[in-house]
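J.: Sharing a structure, written as structure tokens. Questions coming.
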Amino acid sequence: MNSFSILITGGCGFVGSNLCLLLKKKYPDYQILAVDNLKRRGSELNIARLKQAGIAFIHGDIRNPEDLAALEGNFDYVIDAAAEPSVMAGMGATFSYVVNTNLTGTINTLEFAAKKGAKFIFLSTSRVYPISYLEQINYTEGPTRFVLSENQALPGISPRGVAENFPLDRARSVYGATKLASELMLEEFREFFGVDYVINRCGVIAGPYQMGKVDQGVITLWMARHYWKKNIAYFGYGGTGKQVRDALHILDLFDLIDYELHNFSVVSGKVLNAGGGADISVSLLELTGLCASITGNNVAAEKSPENRRGDIPLYITDNTMITALTGWKPKRTVVDILTDIYNWIHENESSLEPILNS
């Protein structure tokens, strides 16, 4: 097997650091370079983990082309895991940061890949799908969750979830818009600069080493609130907590990236949804019960019935296309995800408490 040289942007983030470490563990001969601006609180904790595993780290910012230009050597692949991932972040003073990181930063990284002749694995998001269309998905209300209906008026939606042909022609959030714009730029770079790519539109990714916040990383946040016996809150939809998301264990994402690295011709030029799917989905209400069961702690749930701008009742990924193309499908359950997060918090309680219990 060839020994690859791989650049991973956002290499100290939740996704990036895990991909770095998992790749190095499975393929010790691979040369892996992690680049990160360390803006997200807690990302600095991953520097020691990377260096201990023999992974080179450079403190750099993809918003600055000169930071990328300073990187020495050749690269077979660039995995773009750098992003401001919060849907709420682009709504206020951080608008420019979201655009500069998620769009300009991706363009800078694409230019770097073109110069190096590297293939490009892009981690996009389910948030490219417009909010107003997601709000039109037909569902019924079950005892603990909203349930997708058989009959749907829009294309690209079925009881299996949202497929790649779901309509894209309305607003989605600044975050989602920057990711969709980046997807468009990828095709331009493929056509005019020869950069081969694959786009993975990921749903909620979760697992150890995610510094969860209310606007991003809610599964880790939920476990942390239960661990330290802090209240939770159900926002919108009558305060019932029945809104649903699917969840993808970081190890399942790694399995997908591992496949793509070593079977790139299969996925080249493709746009693929990748999430937990209907079988690995959970409502907030169900999440609360699972966290209570794993931690042994029951916490109070505050209720705010009014919907917030950008809220959607449910999102489930239809993995039909990616499974048919690659054979990949997620294996780890919601309980697996939560148990792994709990064990990580328990084993690193002193270092994580200032970040996750604030």
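J.: Out of the residues in region 33-43 that are out of contact with any Cys (no Cβ under 7 Å at 6 or more places or on another chain) and within 16 Å of LEU7 (Cβ to Cβ), which is surrounded by the most Cβ atoms within 10 Å (Cβ to Cβ)? Break it down stepwise before answering.
T.: Filtering region 33-43 for residues out of contact with any Cys (no Cβ under 7 Å at 6 or more places or on another chain) gives 33, 35, 37, 39-42.
Still in the running and within 16 Å of LEU7 (Cβ to Cβ): 33, 35, 37.
Numbers: LEU33: 22, VAL35: 25, ASN37: 20.
So, considering only residues that are out of contact with any Cys (no Cβ under 7 Å at 6 or more places or on another chain) and within 16 Å of LEU7 (Cβ to Cβ), the one surrounded by the most Cβ atoms within 10 Å (Cβ to Cβ) is VAL35.
J.: While we're looking at this one, here's another question. Among the numbered criteria (1) in contact (Cβ under 8 Å) with a residue 40 or more places away in the chain; (2) more than 30 Å from ILE32 (Cα to Cα); (3) under 20 Å from the mean Cα position of the chain (by Cα), which single criterion is violated by GLU135?
T.: Checking GLU135 against (1) in contact (Cβ under 8 Å) with a residue 40 or more places away in the chain; (2) more than 30 Å from ILE32 (Cα to Cα); (3) under 20 Å from the mean Cα position of the chain (by Cα), the one that fails is (3).
J.: Give me the pairs, please: first residue somewhere in region 21-37 and in contact (Cβ under 8 Å) with a residue 40 or more places away in the chain and under 13 Å from LYS51 (Cα atoms), second residue anywhere and of a type in the set (A, V, I, L, M) and part of a strand (DSSP E or B), beta-carbon distance under 6 Å, and either six or more positions apart or on two chains.
T.: If the second residue must be of a type in the set (A, V, I, L, M) and part of a strand (DSSP E or B), the pairs left are LEU33/LEU7; LEU33/ALA56; VAL35/ILE58.
J.: Could you figure out which of (1) of a type outside the set (Asp, Glu); (2) free of Cβ contacts under 8 Å to residues at least 60 places away in the same chain; (3) within 17 Å of TYR133 (Cα to Cα); (4) surrounded by fewer than 16 Cβ atoms within 10 Å (Cβ to Cβ) isn't true of PHE166?
T.: (4)
J.: If you scan region 195-254, which residues turn out to be surrounded by 21 or more Cβ atoms within 10 Å (Cβ to Cβ) and of a type in the set (Lys, Arg)?
T.: Within region 195-254, ARG201, ARG225, LYS242, ARG245 qualify.
J.: Can you pull out every residue in region 173-202 that is within 21 Å of the chain's Cα centre (by Cα), outside any helix (DSSP H, G or I) and either over 21 Å from VAL98 (Cα atoms) or modelled with pLDDT under 95 (or both)?
T.: SER173, TYR197, VAL198
J.: May I ask you to list pairs of residues, at least six apart or on different chains, whose Cβ atoms are under 9 Å apart, with the first in region 323-341 being surrounded by fewer than 15 Cβ atoms within 10 Å (Cβ to Cβ) and the second being acidic (Asp, Glu) and part of a helix (DSSP H, G or I)?
T.: Short answer, once both residue conditions are applied: LYS331/ASP252; LYS331/ASP255.
J.: Whether any residue in region 268-283 is at positive phi and surrounded by 22 or more Cβ atoms within 10 Å (Cβ to Cβ) is what I want to check. Working first, answer last.
T.: Of region 268-283, the ones at positive phi are 269, 277.
So of that shortlist, the ones also surrounded by 22 or more Cβ atoms within 10 Å (Cβ to Cβ) come out as 277.
For region 268-283, residues at positive phi and surrounded by 22 or more Cβ atoms within 10 Å (Cβ to Cβ): present.
J.: Of all helices (runs of 4 or more DSSP H) completely enclosed by region 58-119, which ones contain at least 3 residues that are within 18 Å of LEU33 (Cβ to Cβ) and at pLDDT 95 or above?
T.: Numbers: elements: 65-69, 95-99, 105-116.
In region 58-119, 65-69, 105-116 are the helices (runs of 4 or more DSSP H) which contain 3 or more residues that are within 18 Å of LEU33 (Cβ to Cβ) and at pLDDT 95 or above.
J.: Search region 44-80 for residues being buried (at least 21 other Cβ atoms within 10 Å of the Cβ), touching a residue at least 60 places away in the same chain (Cβ under 8 Å) and not aromatic (Phe, Trp, Tyr), and hand back the single one that is farthest from ILE8 (Cα to Cα).
T.: Once the filter is applied, the top-ranked residue is ASN46.
J.: Cβ-Cβ below 9 Å, separation at least six or inter-chain, first residue in region 287-311 and closer than 20 Å to TRP228 by Cα, second modelled with pLDDT under 95 and among the β-branched types (Val, Ile, Thr): which pairs?
T.: From residues that are closer than 20 Å to TRP228 by Cα, the pairs are LEU287/VAL218.
The values are calculated or read from the model by the stated rules, or taken from the named source; none is laboratory data. Please read all numbers here as calculations on a predicted model, not as lab measurements. Every residue, glycine among them, receives a Cβ derived from its backbone with ideal geometry; neighbour counts consider all protein chains shown.
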